[in-house]
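Read the figures in this text as sums done on the coordinates, not as results from a lab. The model shown is predicted, which means the values in this text are computed figures rather than measured ones. Here Cβ is always computed from backbone atoms with ideal geometry, including for glycine, and neighbour counts include all displayed protein chains.
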Amino acid sequence: MKDHSERTRNKARKRVNDHMSRYLKTEGEDGHIWGGVPTLLLTTTGRESREPYTTPLIYGQDGDRYLLVASRTGAPRHPGWYRNLCKTPDVQIQIMAEHFPARARTATPEEKPALWRIMAKIWPPYEEYQSRTEREIPVVMLELKA
């Protein structure tokens, strides 16, 4: 018999997969706005498998850069997508029907406070997530490649 936490993880995984499937099928017409906030699809390269992994994520903007928060809802470990891009920072993003190559980097301690405010305004639960964990939740900047 599955325990409660495993059932919860499976339900969350199904919701994420359903969201991503709708986003892909409709080129973001259904899925770009999720829960009232904008989402993009981030494709990273698996740090061990070298296979592509795609994840829907809430995003913000700072000028021409896209911003992500590696919160994993305040879990003790960084999300897999973040660990992947730390090893291979060249990523692909999809916003609606548009696809872009980008390079990811983690905001420096000096950059992070202003970027965190942008993202916490878009998704206020980030503040709660940070209070749940001892790890510093990273803000990631995606800079489009020419």
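Figures for the structure shown
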quantity	calculated
Relative contact order of the chain, defined on C-alpha pairs under 8 angstrom at six or more residues apart (%)	25
Spatially near lysine pairs across the chain, Cα under 22 Å, sequence gap of 8 or more or different chains	8
Calculated diffusion of the chain, Stokes-Einstein form, Kirkwood radius summed over Cα pairs, 37 °C and 0.692 mPa s, µm²/s	208
Where labels lie 7 Å past Cα in the beta-carbon direction, separation of Glu110 and Lys145 in nm	2.8
Built amide H within the under 5 Å cut-off of Asp62, gap 5+	Leu67
